[in-house]
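The values are calculated or read from the model by the stated rules, or taken from the named source; none is laboratory data. Values in this document were obtained by computation on a predicted structure and should not be read as measured data. Reconstructed Cβ throughout: ideal geometry from the backbone, glycine too, with neighbour counts over all protein chains shown.
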Amino acid sequence: MAAAEPQPRTLISATQLNRPMGRLVYWTVLVLVVGGFTLVFLGPLYWLVTGGLKSTAEVIQNPPTLIPAHPRPSTYSEAWSKLGLGRLLFNTLYYAFGALLLQLVFDVAAAYALSKLRPVLGNLILGMMLATLMIPSAVLIVPQYLTVLDLPVLHLNLINTPWAIWLPTVANAFNIFLLKRFFDSIPEELLAAAAIDGAGPLRTLRSIVLPMSRPILGVVAIFAVVNVWKDFLWPMLVEPDPRHQPLNIGINSLATGVPQNVVIAALAIASAPTIVFFLIFQRSIMSGLTSGGLKG
Amino acid sequence: MAAITASRARGRPRTAARSRRGLKLRQNLTAHAFLFGALVSFGLFTWYPMVREVVMSFQRTKRGRTSWVGLDNLRRIVHDPAFWHAWGNTLRFTLLALVLGFALPFLIAVLLNELRHARAYLRVLVYLPVMLPPVAGVLLFKYCYDPNYGLFDHLLRALHLPTSAWLNSPGSAMLSVVIAATWMNMGGATLIYLAALQGIPGELYEAAELDGAGLLRKVWHVTIPQTRLILSLLLLLQLVATMQVFVEPYLLTGGDGPQDSTLTVVNLVYQYAFNFGNYGSAAALGLVMLLVLAGFSALYVRLSRAED
């Protein structure tokens, strides 16, 4: 448990808390909250991890057991091989990091152009990008699917290719807006100085703008990965081939014919990477969420 | 940049205009080269589909032949009883989700803001489910809801409370979906509220206390007014998001549930398009939804401008 932090004045005053009665209430509430939250938010994860160690009979036994009677780690390896989790995990990573790369390259370039190079019609383009934030994503699912099925002009079918997942992620008005606002705050004089030294726009972007933008790039990167990792409907539509499916879709479609303890073990394995990722990057994720997450 | 152009213009007055125009053109070309990737993606995946959505809603495709049918698609979907079902369910989901998913994070945030210990731990806990892959969260709940060996019924029985059929009865299926969705998604809202609460100046509470305000009155007269803008922004954002709910009902109940009790609008769009291959109806329904949500979105934009 963390030590008490210096606390700004909130609803309840320090004097109130320091009375014996206040203390009693405070500690009761604290214990209840910590216990209750652990149970509600961590309990299911505990159930997942231990459920994967139980036998089929024990998983569906009533009343349920708290601790597996005869822990069987072999269920995990069974889940890994039976559901082909290696393949699914690889696909998910492949989609997530491909999307991350494309978003970093193209959204940063676009935001830089709109913020610093100021092309003709730049404001109109930005406006049209931001307008897409108002369109509920579910509305466009059908025409987007048809676009992937038969790409205009080129007449390519992107179904079952990673491009079907990668390309649409670049059209992220929120990222571009976030990046543009950050780039706007970089002083013009710095860029002018670079231009006098003979740096072209690409050079300026690489050696001045990008190094100054690390925090915002981190936020964009984290959300790019998390979004692909969590997406369900779109990959279900565009990656029907089981060999190309990411975790979410693969586990769901394979879950029916497999014993439950194996499915639970698979879910535990599928959750582990995002949980670890979150624990490592929690500070950036939370600050990104509260700083940029609201203004759209 | 401007300085360079100017000195050049002084040096060679005759060609100044042309060279400036040339420079401008080159700059524009460079800028558009930087924009290229994003423009392609926006063009292909949001701008063009938007146009196509509108066009498709007036068309019907039969055996590979596309014809204009005017408002026929709209007429058809309105006469489909599933349309009213889906809207009714979606509104029910939205209302339930707002009561749970809007009020609960606020209460939790107020509570967490008062605690002086274990704050980092509690913050991480609340956000943990948001990071789970949806299939893990949803299947987890599916097992907990199971009428034979589910954890929830077991808990209710242990507390001598009546058990529930959860997902298997039309009366409780939607509520079960909402509970699962709330657990999975409320972390984000909680943290945003928490940040907003931390921005409230403490003197306001002190002033309220001098006026003799108790706990509830302080919440009512200080906390809520001070976070009103964030509250209303998140309310709108959640309205727009919850009305588009798809994954939870789809995974928990196969998309429609007992007697269509969890069939939502997006599920119906999905069924029209991908089960029946009726893109025209799907597009028409999508547009109806766009119109309904556009009002909320416009309000959101106005409010968030006001905040800036």
Could you identify the single residue in B:Phe42, B:Phe34 that is assigned to a helix (DSSP H, G or I), closer than 21 Å to A:Ala194 by Cα and at pLDDT 75 or above?
B:Phe34
Grab the helices (runs of 4 or more DSSP H) fully contained in segment B:49-162, keeping just those with 2 or more residues being more than 25 Å from the chain's Cα centre (by Cα) and within 25 Å of B:Leu191 (Cα to Cα).
B:81-114, B:119-131
Does segment A:164-176 include one or more residues that are closer than 20 Å to A:Pro235 by Cα and outside any helix (DSSP H, G or I)?
yes
With the checklist (1) under 25 Å from A:Asn248 (Cα atoms); (2) at pLDDT 90 or above; (3) more than 7 Å from chain B (Cβ to nearest Cβ) in hand, flag the one item A:Ala111 doesn't pass.
(1)
Could you tell me whether any residue of segment B:218-241 is more than 9 Å from chain A (Cβ to nearest Cβ), in contact with a Gly (Cβ under 7 Å, 6 or more places away or on another chain) and in a helix (DSSP H, G or I)?
yes
Being touching a Pro at 6+ places or on another chain (Cβ under 9 Å) and modelled with pLDDT under 90 is the filter here; which residues of segment A:83-100 pass it?
A:Gly84
Do we find a residue being surrounded by fewer than 20 Cβ atoms within 10 Å (Cβ to Cβ), of a type outside the set (Gly, Ala, Ser), more than 9 Å from chain B (Cβ to nearest Cβ) and more than 30 Å from A:Thr274 (Cα to Cα) anywhere in segment A:161-179?
no
So which residues in segment A:195-240 are of a type outside the set (A, V, I, L, M, F, W, C) and within 22 Å of the chain's Cα centre (by Cα)?
A:Ser213, A:Arg214, A:Pro215, A:Gly218, A:Asn227, A:Lys230, A:Asp231, A:Pro235, A:Glu239
Just to be sure I understand, how many residues within segment A:123-136 are modelled with pLDDT under 90 and facing chain B (nearest Cβ under 7 Å)?
4
Extreme residue, nearest to B:Lys142 (Cα to Cα), among residues of segment B:250-270 that are more than 10 Å from chain A (Cβ to nearest Cβ) and free of Cβ contacts under 8 Å to residues at least 40 places away in the same chain:
B:Gly254
Hey, could you check segment B:27-46 for residues that are within 7 Å of another protein chain (Cβ to nearest Cβ) and of a type in the set (Phe, Trp, Tyr) and say which is nearest to A:Trp163 (Cα to Cα)?
B:Phe45
Of these, A:Arg72, A:Arg87, which one is over 27 Å from B:Cys144 (Cα atoms) and more than 12 Å from every other protein chain (Cβ to nearest Cβ)?
A:Arg87
Exception for A:Val34 within (1) surrounded by 15 or more Cβ atoms within 10 Å (Cβ to Cβ); (2) away from chain B (no Cβ under 11 Å) falls at (2)
Just for helices (runs of 4 or more DSSP H) wholly inside segment A:182-296: which have at least 3 residues that are loosely packed, with under 14 Cβ neighbours inside 10 Å and at pLDDT 85 or above?
A:188-196, A:260-291
